[in-house]
Amino acid sequence: MATAGGSYSIVEYFGGDDGYRCGYCKNEKGNFSHGMWSHAMTVQDYQDLIDRGWRRSGKYVYKPVMNKTCCPQYTIRCHALDFQPSKTHKKILKKVKKFLSKGEMPVGQCDGGCDGEFIIQISHNFSRPPCRKAKDLRKERRLQKEQQRRQDGGTLTSPNPTPLNPASSQPKTVEEFIADSLPDDAVHRLEVRLVRSSPPSPQFKASFDASYQVYKLYQMAIHHDPPDKPSESQVRLVPVSFEDPDFLASYEQSAALYARYQMAVHGDSPFECDESQAETSPDGPDVGYGSFHQQYWLDGRIVAVGVIDILPSCVSSVYLYYHPDFASLSLGSYSALREISFTRQLQKQSPKLSYYYLGFYIHSCPKMRYKGQYTPSDLLCPETYVWMPIERCIPRLETSAYARLNEDAQAGDARALKDLGRTLVLHRRTVMPYAAYARKRKGPSDEREVEQYASLVGQTCAERILLYRA
């Protein structure tokens with residue numbers, strides 16, 4: 001036996017038997033998920049957990065009950081190294097560049113990258129050219145081509161075309177789009193700064209008030225919070241008594257809200273990482289692992305914040321909030337493209353870090369399907385925890401909202417629970433296997449609850465993560 005300390009993950013688990021309101025289809029009791037509060041979490045343990053369908057919001061870690069919840073949420077990852085921006089992505093990158101160059105704010109709906117969030121229009125002191133219909137533009141281009149064809153003797157190309165430069169025929173990368181230089185007289189300047197949020201760096205602390213104001217405006221405009229919310233006194237929820245049934249009943253309902261607030265505003269994270277860990281991890285990125293904010297500074301002020309985790313195999317997108325005045329710039333998609341580019345940059349330092357995790361893909365919710373446009377990408381099979389190419393999953397999801405995605409009927413969960421007794425627990429500040437704890441325990445058996453937890457995290461994590469027992 002050992003005293004708790006060092007780099008352990010420590011969690012308190014509570015089940016997911018009660019349904020609550022779904023944020024996607026608005027079913028009042030249709031959303032089911034398992035949850036646990038992580039007092040501490042190593043980046044490797046969290047990497048293994050998200051590869052089993054878990055996801056964090058602050059220190060609250062949850063896993064949808066896939067075959068029971070109304071809108072099944074499939075973990076999705078993009079192969080960052082092989083990513084090529086689509087036409088839609090290129091339009092978004094060009095739209096942002098046009099705004100920076102000329103100050104022109106697009107008018108209309110944002111694309112799917114806004115998660116279906118509405119647009120707030122803002123006025124500007126510049127004139128816009130009259131909107132032209134796409135049909136008219138296509139007709140004009142056809143007339144121009146026809147005129148060029150006549151000039152070239154009936155062909156679209158000259159008889160002796162200039163040989164193409166092989167390099168110029170390569171598709172433009174996302175980095176090249178982002179790095180496109182702005183004119184000297186550009187109206188705006190955009191800078192993306194990476195600041196460590198947990199533990200908070202001096203840069204994070206210095207910009208805290210500015211980030212918080214953007215978060216408040218975002219919550220009011222996008223999530224319809226009243227002006228006096230969210231404030232810490234209203235949202236504050238401290239997990240101090242998991243043994244109190246009344247506390248537990250309300251805790252599952254409000255833990256995610258509290259965790260999101262703490263994460264977005266205070267950078268709350270279960271990872272106990274800092275820059276010094278980069279020195280002890282030779283294959284890790286220079287910035288180290290853990291939780292960060294990517295701050296989008298426009299002309300010297302913060303307009304958006306992307307919350308990300310840097311893990312051993314991936315950059316995981318956690319949350320994004322932005323000033324509602326800039327909603328029509330499709331900042332949800334734009335930040336995802338910047339984060340993919342950032343993943344590719346980190347991979348040059350850390351070869352294993354080659355994926356970009358976009359959170360959950362929800363095929364049954366059309367507004368959430370946009371994540372499948374970041375290709376090539378995989379979905380996680382909810383039964384075998386094997387990654388499957390998304391294009392092979394779509395036919396199954398068209399038939400049923402919940403589906404086993406692995407096509408091999410014989411395949412199973414490689415990390416399925418085999419020995420409950422080896423599950424590690426933390427009891428009275430002492431680490432011990434569950435088999436030893438069960439012999440000491442007085443009162444009703446908790447074997448059913450512990451077995452449910454261990455099955456969800458898998459044998460590997462069950463033998464590493466400490467499950468708190470009162």
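What follows is calculated from the coordinates using simple rules that are stated; it is not laboratory data. Note that the structure is a prediction, hence the values are computed from the model and not measured. Note that each Cβ is placed from the backbone with ideal geometry, even for glycine, and that neighbours are counted across all protein chains shown.
May I ask you to derive the relative contact order of region 349-458, considering only C-alpha pairs under 8 Å and at least 6 residues apart, and to give it as an integer percent?
After rounding, I find 16 percent.
In region 6-110, if every C-alpha pair distance is counted and binned at 5 Å from zero, what percent goes to each bin?
2, 10, 14, 14, 11, 11, 13, 11, 9, 4, 1
Which lysines have a Cα less than 19 Å from the Cα of K205, not counting those fewer than 8 places away in the same chain?
K216
Compute and list, largest first, the equivalent-ellipsoid semi-axes of region 302-421 from the alpha carbon gyration tensor, each √(5λ) rounded to a whole angstrom.
29, 20, 13
Report the full-extension gain for the segment T88 to E451: residue separation times 0.36 nm, less the Cα-Cα distance, to one decimal in nm.
Full extension from T88 to E451 adds 126.1 nm.
Listing S101, S7, S181 from the residue with the fewest other Cβ atoms within 10 Å to the one with the most, what is the order?
The fewest-first ordering by Cβ neighbours comes to S181, S7, S101.
What is the fewest-to-most order of C78, C393, C365 by other Cβ atoms lying within 10 Å of their Cβ?
Listed from fewest to most nearby Cβ atoms, that is C365, C393, C78.
Just want the ordering: K367, K59, from fewest to most Cβ atoms lying within 10 Å of their own Cβ.
K367, K59
Could you give the nm distance between label points at R439 and A179, where each point is 7 Å from its Cα heading toward the beta carbon?
6.3
So which lysines pass the test for K348, namely a Cα distance under 29 Å, with those fewer than 8 places away in the same chain ruled out?
Leaving aside lysines fewer than 8 places away in the same chain, those within reach of K348 are K87, K90, K91, K94, K95, K97, K172, K371.
On full extension of the chain, what length is gained from Q213 through N27, given 0.36 nm per residue of separation minus the C-alpha to C-alpha distance?
63.8 nm
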